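Working notes, structure below.
Just so it is clear, none of the values below were taken in a lab; they were calculated from the coordinates. Since we're looking at a predicted model, the values are computed, not measured. Cβ coordinates were reconstructed from backbone atoms using ideal geometry, including for glycine residues, and neighbour counts include every protein chain displayed.
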Amino acid sequence: MSGFTELEIAVLHAILAETPEWRTGLEQQLNGATVLSRQNTGVGFFTLIVVPAQASRVGCPNALGHDVHAQVPGLTYGLGFVLFLKDGRLRMLEGYAVDTDSTAGLHLENMTFEVRKGGFGK
């Protein structure tokens, strides 16, 4: 894995842990994956992922991870996440502010966080 933040790595592993039937194949993709780009939109972020061409495709849904969240300083209810796949390959991790809090001031590369499953809360 190259170029991922600590938050992204923790979230990706939490999402893959939720999907035991696809975990092995997706972890193999993730092990060789790199970050193409990352954009903080002010209401969340998008991290585009590139998987090596030789990585095997996984027959799973195109969106995973709706139950993984992270508590982060500065956001009342934290971040929610969705991992998107395209043609059986990891493609994009979306992190979104659960409330109307802005993510513009967050430094995704070096923030503190606590990843957890389930609902949001203070």
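Here the dipole of the chain is about 240 debye; that uses its Cα centre as origin and unit charges on the Cβ of Lys and Arg (positive) and Asp and Glu (negative). Among the GluC sites (Glu not before Pro) found in the range 3-106, those both in a DSSP coil and sparsely packed, with 14 or fewer other Cβ atoms within 10 Å of their Cβ, are Glu21. Angle of helix 6-17 to the longest C-alpha principal axis of the chain, folded into 0 to 90 degrees and rounded to 10: 60°.
Comparing Gly42, Gly95, Gly78 in a Gaussian network model of the chain (Cα springs below 10 Å), the most mobile by mean-square fluctuation is Gly42.
Computed over the chain, the per-residue total of -39500 (n - 2.57) for DSSP H runs of n ≥ 4 gives a 222 nm mean residue ellipticity of -5500 deg cm²/dmol, rounded to 500.
When N counts the residues of the range 23-75, how does its alpha-carbon radius of gyration compare numerically with 2.2 N^0.38 Å, as a ratio?
Details: Rg = 13.7 Å, N = 53, 2.2 N^0.38 = 9.9 Å.
Normalised Cα radius of gyration, the range 23-75: 1.38.
A cut-off of 5 Å between modelled amide H atoms, ignoring neighbours fewer than 5 places along the same chain, links Ile49 with Leu36, Met92, Leu93. For the range 51-68 and the range 1-30, what is the centre-to-centre distance using only Cα atoms, to the nearest Å? Measuring centre to centre over Cα atoms gives 9 Å. DSSP beta bridges confined to the chain are antiparallel in about 95 percent of cases.
GNM on the chain, alpha-carbon springs under 10 angstrom: the most fluctuating residue among Gln54, Gln71, Gln29 is Gln54. Relative contact order for the chain: 28 percent, from Cα pairs under 8 Å spaced at least 6 residues apart, divided by residue count. Each of Ala104, Met92, Asn62 was scored by the projection of its Cα onto the charge dipole of the range 44-122, and the greatest displacement toward the positive side belongs to Asn62; charges sit on the C-beta of Lys, Arg, Asp and Glu. Within the range 50-122, all pairs of alpha-carbon atoms sorted by distance into 10 Å bins from zero give the percentages 19, 42, 27, 12, 0.
Beyond 22 Å, the tail of the calculated P(r) for the chain holds 29 percent of the Cα pairs.
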